[in-house]
Amino acid sequence: MNYFYSMPSSVSDALHERGVDVEHLLYCVKADLNKEGHYVDVHMTFDQGALYILQGYDAVAQDYFQVVDYEEIDIKNIEDLYIDRQIHTARLIVREENREYEIARFSLGKSEQFEQFKDRLLKTKNNEPIDDTDLKNREEFCPKCHNRYPNRERKVCPNCLDKGSTFKRLLGMYMRYKKEFIFVMAMITASTLFNLITPYFSAQLLYDEVLTKGGSWYGKVTAIVLLIAGIRFIGIVLSAIYGIVLARMTPKITRDIKVEIFSKLQTLPVGFFSSKQTGSLMARVDQDATNIYWFFVDVVPYAIVSIVTIIGLLGLMLFINVWITIVMFTGVMITVVILKRFRKKQRKLHRRKHHAVRATNALISDSLNGQRVVKAFAKEDQEIGRYTIKNQEFYDVSLHLGERSANMFPYVRMISRASDTAVLAIGAFSILYGNLTLGSLYALFSYTSMIQNSITFLANMGDRWARCIDAASRMFEILDTFPSLREAAEPIQRDVLEGDIVLDNVSFEYEVGRPILKHISFNIEKGQMFGIVGKTGAGKSTLIHLMSRLYDTTEGTITIDGVPIKQLSFESLRKNIGIVSQETYLFIGSIAENIKYAKPDATMEEVIFAAKAAYAHDFIMKHAEGYDTIIGSGGVNLSGGEKQRLSIARAILQKPSILILDEATAAMDTQTERKIQEAIENLKEGRTIIAIAHRLSTLRDADKLAVIENGELFEMGTHEELIEKQGKYYELHKLQTEAIKFIEEG
Amino acid sequence: MFIDATKVKFETLENGFLKLTLEDKVYDKVTLTRLLPYSQEEAYIAVIQNQEEIGIIKDLSELESKEYDQVIKHLNYKYYIPEITKINSVKEKMGFLYINLDTKGGEKEICIADFVSNIRLIKENLLSITDVEGNKYRMSNIQKLDKDSRQKIDVFL
């Protein structure tokens with residue numbers, strides 16, 4: 001039994017104790033609520049004879065299931081089962097001969113599982129075959145912690161993922177540039193060593209040997225100055241060399257990462273983008289790559305430098321004077337720990353500030369973009385009020401941040417000064433008693449400052465490392481996403497699709513628990529004009545999305561020319577299906593480039609012909625730059641109707657065998673709409689056209705019409721047949737006719 | 001459009017739906033929908049049968065006490081959403097938030113993606129959280145959260 005979750009052995013034991021033959025159980029599902037809304041574990045499973053419902057509490061660690069209630073329902077008594085979706089929960093209701101009652105209640109997110117479970121139970125009862133092909137590739141739960149994978153298309157459990165493995169993987173990307181990496185690390189190490197020995201020459205040697213009478217270098221000022229300069233110079237040169245190499249190497253890595261991510265994004269299905277804000281996706285591509293960039297150009301090299309520095313300096317300092325080293329080191333550690341805790345809270349406040357800034361900017365954008373509406377309703381004062389509130393939140397958090405910093409730093413400085421004073425005192429006495437030289441004391445102060453910087457860096461590196469790993473994980477999430485909507489392993493290639501489309505029991509939901517289409521079946525013959533009508537939100541556009549395989553059905557199949565669309569190659573589909581949707585999207589580029597998007601090798605003659613056929617040529621000519629006019633974000637703003645005409649021109653140029661028009665003429669005046677319809681008429685020959693329209697007049701000549709209501713196929717037939725039927729289509733038609741009459745008479 | 005609340009009789013069926021008798025007309029298996037679920041929980045309640053609206057009850061206080069009790073029970077059941085009482089821990093892993101919280105229905109650990117969209121203050125103090133499975137959780141008044149819980153969640157608001 002594989003579906004729909006992994007039944008713990010404690011539960012199967014409990015079922016076995018109640019006489020259930022666990023070996024013959026077919027499917028299982030788990031509900032999580034009782035009637036009172038308390039979280040319980042309700043295990044439901046069935047075999048050929050009965051449905052078993054075991055309610056209680058999982059205690060996986062102790063391998064014991066605490067049973068609260070148990071019920072068996074003879075499968076023969078079950079006439080039907082259905083899911084009643086409520087607002088945030090759902091319930092499974094069983095219908096027997098004389099009664100209907102609830103048998104399970106669960107969080108809405110489990111609705112899909114329960115739908116599949118109840119379908120299989122009913123099929124088992126009716127001895128119908130069950131197809132589990134779609135379920136075979138589903139592994140929804142982490143085998144380690146048994147939590148569901150948060151991203152179903154990526155079988156990675158953040159709970160169990162070893163951060164080290166992400167780091168190693170990231171390092172692997174870095175290691176594509178192995179030679180440069182080794183060279184940089186060698187330079188860093190050498191540079192660090194030179195930096196470490198500098199204080200010895202500039203303090204100890206200078207004061208104790210050159211400037212002290214009797215010293216081995218007494219009087220040799222020039223020599224020591226040249227030596228110090230030479231050492232510093234070498235250190236700087238080494239730093240410069242590795243800096244240059246690093247500066248060349250790391251942008252290459254981030255460039256490669258960004259291209260890799262963007263390329264992967266292009267292969268992901270539409271559903272991936274509709275579930276995420278486009279803005280946050282773009283932020284990932286940019287911000288996360290930048291985080292990783294800074295980690296490798298800044299954090300990793302300086303982490304190595306810091307570790308080498310700390311080890312080297314501690315050794316040197318302890319060699320010079322143990323007690324002073326201990327006091328200095330203690331002082332440094334105290335300030336580092338205090339600052340680390342302080343920064344942790346500051347980071348949270350910065351995050352809040354960042355959110356406050358985003359909220360304020362979003363409001364500004366909202367208000368300024370909607371100025372027409374603001375002024376039309378005289379809501380300027382209200383907008384000012386809204387902005388003031390949001391801005392106040394920003395002010396509050398900024399003030400809090402500032403106050404904390406102002407209070408913290410004098411305190412930290414005080415500890416640091418106290419430590420320095422103690423060292424000075426110990427050092428002075430040590431010099432007086434002959435245990436220490438002046439030069440050594442100066443050297444110790446220099447080393448303290450170097451070591452403090454290194455310890456502080458390492459102490460704060462943890463957070464930057466975490467941010468980098470999170471950034472890398474988010475990027476790998478995209479790179480690793482194995483989209484559920486993907487091409488078949490051996491897709492069927494068809495240069496030309498005739499346009500025979502069959503929908504068989506198609507259901508679909510964008511969001512779990514909220515079905516949009518329910519069990520729709522119809523067919524469209526090739527060369528037909530097929531109209532889909534219905535109220536707003538009925539599911540018409542969704543049908544189009546499914547037929548063009550921008551989404552996959554939740555249930556049921558769609559075939560084109562007898563081939564399931566899941567078997568057809570994406571290339572065959574995209575080549576043969578042209579869509580003109582109500583939301584037109586034009587890319588940044590010239591008008592000509594936008595029209596040619598469907599067929600990049602089209603000639604200008606073809607482009608102009610398509611533009612004329614779409615009645616776009618005239619308005620294009622009105623722009624001074626004609627077909628070279630730049631449109632899209634930052635370019636010329638076109639009206640809705642103009643955009644739609646360009647979109648139609650694009651579709652006309654493509655010459656697809658299946659043309660889908662989703663409210664293609666919605667944004668046009670009646671005159672232009674008529675012209676477009678003529679253009680479409682000219683395209684009809686040998687083409688299957690599927691059109692959605694609110695205005696029924698535009699579909700009058702359709703060969704067949706389907707009326708969709710609440711996601712179901714309500715009626716189907718020609719215009720005349722549906723008028724005669726006097727059903728939904730007739731009502732819609734009557735409404736629209738009366739409205740037009742009213743306007744004309746008015 | 002508006003139903004006279006004094007003429008309404010409800011009967012709760014075994015399957016949890018309601019049977020409505022309104023001026024001698026019987027409507028089997030109706031359900032109720034709050035038109036203003038956040039701002040007016042006991043006013044403007046639509047009565048629906050087979051996705052068709054029968055009418056709207058303007059104010060539940062106009063109902064007889066027995067009908068009122070049934071209606072409230074039905075609405076509370078339909079609109080049930082786990083009410084958060086405490087936030088025990090928040091861990092961020094690979095861009096997902098794992099939150100262990102106490103609700104009135106018991107303890108729960110949830111996973112949240114894209115917290116900017118899925119942890120939101122809908123009204124001034126009304127917090128709504130949506131997990132990766134699409135399940136929702138609510139804190140009716142975030143001011144009533146204890147200090148610790150508040151600190152843990154504030155960062156994400």
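The values are calculated or read from the model by the stated rules, or taken from the named source; none is laboratory data. Here the structure is a predicted model, which is why all the values come from computation and not from measurement. Here Cβ is always computed from backbone atoms with ideal geometry, including for glycine, and neighbour counts include all displayed protein chains. Protein only, heavy atoms only, side chains kept; ligands, DNA and RNA dropped before computing areas. Shrake-Rupley method; radii C 1.70, N 1.55, O 1.52, S 1.80 Å.
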State which residue is farthest from A:Glu102 (Cα to Cα) when the search covers only the stretch B:17-49 and only residues that are within 13 Å of chain A (Cβ to nearest Cβ) and charged (D, E, K, R).
B:Glu41
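I'd like the residue in the stretch B:125-157 that is among the polar types (S, T, N, Q) and part of a loop (DSSP other than H, G, I, E, B) and, out of all such residues, is least open to solvent (accessible area, probe 1.4 Å).
Residue satisfying both the conditions and the ranking: B:Asn135.
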Given (1) over 30 Å from the mean Cα position of the chain (by Cα); (2) open to solvent by less than 50 Å² (accessible area, probe 1.4 Å); (3) of a type in the set (A, V, I, L, M), number of the condition A:Leu265 does not satisfy
(1)
Restricting attention to the stretch B:89-103, does a residue exist that is more than 11 Å from chain A (Cβ to nearest Cβ) and either acidic (Asp, Glu) or assigned to a loop (DSSP other than H, G, I, E, B) (or both)?
no
Check A:Gly49, A:Gly19 and return the single one that is away from chain B (no Cβ under 14 Å), on the phi > 0 side of the Ramachandran plot, of a type outside the set (Val, Ile, Thr) and more than 38 Å from the chain's Cα centre (by Cα).
A:Gly19
Just the residues that are facing another protein chain (nearest Cβ under 8 Å), of a type in the set (D, E, K, R) and surrounded by fewer than 22 Cβ atoms within 10 Å (Cβ to Cβ), please, taken from the stretch A:96-134.
A:Arg99, A:Glu100, A:Glu102
Might you let me know whether the stretch A:59-73 holds any residue that is at pLDDT 90 or above and within 39 Å of the chain's Cα centre (by Cα)?
no
What are the residue pairs meeting all of these: first residue in the stretch A:221-236, first residue more than 20 Å from A:Leu211 (Cα to Cα), second residue in a helix (DSSP H, G or I), Cβ atoms under 7 Å, and 6 or more apart or on different chains?
A:Arg232/A:Thr198; A:Ile234/A:Phe194; A:Gly235/A:Ser191; A:Gly235/A:Phe194; A:Gly235/A:Asn195; A:Gly235/A:Thr198
May I ask you to verify whether B:Ile110 is assigned to a strand (DSSP E or B), open to solvent by less than 10 Å² (accessible area, probe 1.4 Å) and under 30 Å from A:Asp480 (Cα atoms)?
yes
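Among the listed residues B:Glu64, B:Glu83, which satisfies the condition of being more than 17 Å from A:Thr89 (Cβ to Cβ) and surrounded by fewer than 16 Cβ atoms within 10 Å (Cβ to Cβ)?
Just a single option satisfies the conditions, and that option is B:Glu64.
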Could you please tell me which pairs satisfy a Cβ distance under 6 Å, a separation of 6+ or placement on different chains, a first residue in the stretch A:709-735 that is without any contact (Cβ under 8 Å) to a residue 24 or more places away in the chain, and a second residue that is hydroxyl-bearing (Ser, Thr, Tyr)?
A:Glu715/A:Tyr729; A:Leu722/A:Tyr729; A:Ile723/A:Tyr730
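Is it true that some residue in the stretch B:63-75 is more than 18 Å from the chain's Cα centre (by Cα), at pLDDT below 95 and farther than 30 Å from B:Asn15 by Cα?
Checked against the condition, which is being more than 18 Å from the chain's Cα centre (by Cα), at pLDDT below 95 and farther than 30 Å from B:Asn15 by Cα, the stretch B:63-75 yields no hits at all.
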Which ranges mark the strands (runs of 3 or more DSSP E) fully within the stretch A:1-78 that have 3 or more residues being open to solvent by 70 Å² or more (accessible area, probe 1.4 Å) and not small (Gly, Ala, Ser)?
A:66-74
Given the criteria within 14 Å of chain A (Cβ to nearest Cβ), more than 17 Å from the chain's Cα centre (by Cα) and either surrounded by 14 or more Cβ atoms within 10 Å (Cβ to Cβ) or of a type in the set (D, E, K, R) (or both), does B:Lys78 qualify?
no
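Specify which of the listed residues (A:Ala693, A:Ala624, A:Ala666) is without any contact (Cβ under 8 Å) to a residue 12 or more places away in the chain and among the aliphatic types (A, V, I, L, M). Lay out the reasoning, then the answer.
Values: A:Ala693 fails: without any contact (Cβ under 8 Å) to a residue 12 or more places away in the chain; A:Ala666 fails: without any contact (Cβ under 8 Å) to a residue 12 or more places away in the chain.
Selected residue: A:Ala624, the only one of A:Ala693, A:Ala624, A:Ala666 that is without any contact (Cβ under 8 Å) to a residue 12 or more places away in the chain and among the aliphatic types (A, V, I, L, M).
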From the option list A:Ala592, A:Ala610, A:Ala624, single residue qualifying as over 33 Å from the mean Cα position of the chain (by Cα), surrounded by 17 or more Cβ atoms within 10 Å (Cβ to Cβ) and not in a strand (DSSP E or B) is A:Ala610
Scanning the stretch A:94-123 residue by residue, those more than 17 Å from A:Phe4 (Cα to Cα) and either part of a helix (DSSP H, G or I) or not basic (Lys, Arg) (or both) turn out to be A:Val94, A:Glu96, A:Glu97, A:Asn98, A:Glu100, A:Tyr101, A:Glu102, A:Ile103
Only residues that are open to solvent by less than 60 Å² (accessible area, probe 1.4 Å), under 32 Å from the mean Cα position of the chain (by Cα) and among the basic types (Lys, Arg): list them for the stretch A:629-672, please.
A:Arg650
Which of (1) exposed (fewer than 15 other Cβ atoms within 10 Å of the Cβ); (2) within 14 Å of chain B (Cβ to nearest Cβ); (3) within 30 Å of A:Gln452 (Cα to Cα) is the odd one out, the single condition A:Leu349 does not satisfy?
(1)
Inside the stretch A:711-726, the number of residues satisfying the requirement of being surrounded by fewer than 16 Cβ atoms within 10 Å (Cβ to Cβ) and part of a loop (DSSP other than H, G, I, E, B) is 2
First in the stretch A:582-606 and under 30 Å from A:Lys540 (Cα atoms) and among the polar types (S, T, N, Q), second anywhere and part of a loop (DSSP other than H, G, I, E, B) and open to solvent by less than 100 Å² (accessible area, probe 1.4 Å), Cβ under 7 Å, 6 or more apart:
A:Gln582/A:Glu663; A:Gln582/A:Ala666; A:Asn594/A:Leu586; A:Asn594/A:Phe587
Among the candidates A:Leu568, A:Leu573, A:Leu586, which residue alone is under 18 Å from A:Val270 (Cβ atoms), open to solvent by less than 40 Å² (accessible area, probe 1.4 Å), at pLDDT below 85 and among the aliphatic types (A, V, I, L, M)?
A:Leu586
Quick check, is A:Arg91 farther than 21 Å from B:Tyr137 by Cα and either of a type in the set (D, E, K, R) or assigned to a helix (DSSP H, G or I) (or both)?
no
With the checklist (1) more than 13 Å from chain A (Cβ to nearest Cβ); (2) not in a strand (DSSP E or B) in hand, flag the one item B:Glu14 doesn't pass.
(1)
For B:Ile122, indicate whether it is open to solvent by 60 Å² or more (accessible area, probe 1.4 Å) and more than 10 Å from chain A (Cβ to nearest Cβ).
yes
Which condition number does A:Asp463 fail, the rest of (1) over 28 Å from the mean Cα position of the chain (by Cα); (2) of a type in the set (Asp, Glu); (3) at pLDDT below 80 being met?
(1)
Suppose we keep only residues that are within 30 Å of A:Leu441 (Cβ to Cβ) and touching a residue at least 60 places away in the same chain (Cβ under 8 Å) within the stretch A:178-190. Which one would you say is most open to solvent (accessible area, probe 1.4 Å)?
A:Thr189
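Hey, among A:Asp552, A:Asp561, which residue is in contact with a Leu (Cβ under 6 Å, 6 or more places away or on another chain), within 30 Å of A:Arg700 (Cβ to Cβ), surrounded by fewer than 21 Cβ atoms within 10 Å (Cβ to Cβ) and not hydrophobic (A, V, I, L, M, F, W, C)?
A:Asp561
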